[in-house]
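Each remark here refers to the structure printed beneath this line.
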Amino acid sequence: MQKRVLVGKTLSELKQLAQELKMPAFAGKQIAEWLYEKRVTDFSAMTNISKQNRERLAEECSVGVEPPVHQVVSEDGTEKYLFSLSDGYTVETVYIPDRERATLCVSSQVGCKMNCLFCMTGKQGFQRNLTPAEIMNQILAVPHSQELTNIVFMGMGEPTDNLDSVLTVIEILTSAWGMAWSPKRITLSTVGIRKGVKRFLDESKCHLAVSLHAPDGRRAKYMPAEKAFPISEMIAMLREYDFSHQRRLSFEYIMLRGVNDSIEDAQKLSELLKGLDCRVNLIRYHAIPGISLQSSSDATIEAFRNELNNRGVVATIRASRGEDVSAACGMLASQKGK
Ligand code: SF4
């Protein structure tokens, strides 16, 4: 008999499960506390639940926190983990310590449908969505789990293409009965699928990062999603939301040599974002096998940033992290995975 996995279940699901196992309804809340607040992985440690009910839980359920199967550590402290799933697929998770911040970049899908030209995950095609349990496991099972300050849905997959699971995880992370995190500690990164982004903005208070990478129709060559979901329409929709206080809007822009890095491109980008409360993160390109794109030079990236800043767009250059451990999205899973 397949045991039911507890991690990834919401409070109402845990209450339902307690009832099905003929336990008192309040046991659902107790289980949530043990899983998400006290982070216990052994039923025998759930001491405010009767011995009989703990034994019943152990018979029918598993906690579902499984350690990564592979780990690489970068010289700069970035750590990359590979998690094996029950069907043999693998996903990766990246831990990025940076002074007082400790960010975990989690995956939401095995593979991805979006096929961005510069991304190794896109080359793998799409296999399946991750369950809330598989996403929560990445958060709870990494060695530095207790030290995390931020979570970004920026790993393998397009999170708005698996939004039910992602929103369930956000509910667990931000609820008082769960991990009680502020939504300001969570960012979702997307290619900009209109329906999914709208639902994410309406149903959560977390930050949003939109992958932009080119200020005009050239974007379609590097991000095929542009054809169905033009960035101009996404930006028009984002103008309907308030990003001035609680919630941050950022745009990710990979700097590609001779492709999207001219001063004219910076000018077009500033026009596109005019009047929007946002920031632009300029990112050096991590080379991936078989793709001839190259990163812009540091001088070009700085000139691009300065042009944006001079035009009133807040732009920063993101430090490259973990290049020596294949930190680009999907590289490790491609090397080691199913
Ligand atoms: S960059 Fe993100 S959305 Fe694009 S293919 Fe890779 S995982 Fe998918």
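Could you calculate the contour length gain from Q294 to T41, that is, 0.36 nm times the residue separation minus the distance between their Cα atoms, to one decimal place in nm?
86.6 nm
Return a whole-number percent for the relative contact order of the stretch 105-195, with Cα pairs under 8 Å and 6 or more residues apart as the contact set.
32
For R99 and E240 in one chain, what is 0.36 nm times their gap in residues minus the Cα-Cα distance, to one decimal in nm?
Full extension from R99 to E240 adds 47.3 nm.
Determine which residues of the stretch 241-282 fall in the zone a paramagnetic label at D216 would reach in this model, i.e. backbone nitrogen under 15 Å from the point 7 Å along Cα→Cβ.
Once the point is set 7 Å along Cα→Cβ of D216, 259-273 turn out to lie under 15 Å by backbone N, inside the stretch 241-282.
Loop only by DSSP, 12 or fewer other Cβ within 10 Å of the Cβ. Give me the GluC sites (Glu not before Pro) in the stretch 229-316 that pass, ordered by residue number.
Those satisfying the criteria are E240.
For the chain, compute Rh as the Kirkwood radius over C-alpha pairs and then the Stokes-Einstein diffusion coefficient at 37 °C and 0.692 mPa s; write the answer in µm²/s, rounded to an integer.
Stokes-Einstein gives a translational diffusion coefficient of 156 µm²/s.
Relative to a virtual label point 7 Å from the Cα of S86 in the Cα→beta-carbon direction, which members of the stretch 8-37 show backbone nitrogen distances below 20 Å?
Under 20 Å, as judged by backbone N against the label point of S86, lie 8-21, 32, 35-36 of the stretch 8-37.
Which residues does the label zone of L117 cover in the stretch 207-251, counting backbone N under 19 Å from a point 7 Å along Cα→Cβ?
Answer for the stretch 207-251: 211-232.
Compare the Cα positions of Y95, S50, V7 along the charge dipole of the stretch 1-101 (+1 at Cβ of Lys, Arg; -1 at Cβ of Asp, Glu; about the Cα centre) and return the one farthest towards the positive end.
S50
How big is the charge dipole of the chain about its Cα centre, in debye rounded to the nearest 20, if each Lys and Arg gets +1 on its Cβ and each Asp and Glu gets -1 on its Cβ?
My answer is approximately 520 debye.
Using a 7 Å offset from the Cα along the Cα-to-Cβ direction at both A25 and A303, what is the distance between the two label points in nm, to one decimal?
Each label point is offset 7 Å from its Cα along the Cβ direction, giving 6.7 nm.
For the pair R248/K184, report the inter-label distance in nm, with labels modelled 7 Å from Cα in the Cβ direction.
1.0
Given an 8 Å cut-off on Cα distances and at least 6 residues of separation, report the relative contact order of the chain as a percent.
With pairs under 8 Å counted, the relative contact order is 16 percent.
Any idea what log10 I(q)/I(0) is at q = 0.20, 0.23, 0.25 Å⁻¹ for the stretch 4-62, Debye with uniform C-alpha scatterers and no solvent?
For the stretch 4-62 at q = 0.20, 0.23, 0.25 Å⁻¹, log10 I(q)/I(0) is -0.62, -0.86, -1.06.
Output the Kirkwood hydrodynamic radius of the stretch 28-115, Cα pairs only, in Å rounded to one decimal.
The Cα-based Kirkwood calculation yields 15.8 Å.
Quote the FRET efficiency, to the nearest 0.05, computed for D76 versus K51 with a Förster distance R0 of 30 Å and r equal to the Cβ-Cβ distance.
0.05
Testing the spin-label approximation: label points 7 Å from Cα along Cα→Cβ at R194 and H144. State their distance in nm.
About 4.0 nm, to one decimal.
For the stretch 217-281, what's the relative contact order in percent, using C-alpha pairs closer than 8 Å and at least 6 residues apart?
Once divided by the residue count of the stretch 217-281, the mean separation gives 40 percent.
Straight-line reach from K51: which lysines fall under 27 Å, measuring Cα to Cα and dropping same-chain residues less than 8 apart?
Candidates past the 8-residue exclusion: K3, K9, K15, K22, K29, K38.
Quick note: the coordinates plus some simple rules give every number you see, no bench work behind them. Here the structure is a predicted model, which means the values were calculated and not measured. As a convention, Cβ positions derive from the backbone with ideal geometry for all residues, glycine included, and neighbour counts pool all protein chains shown.
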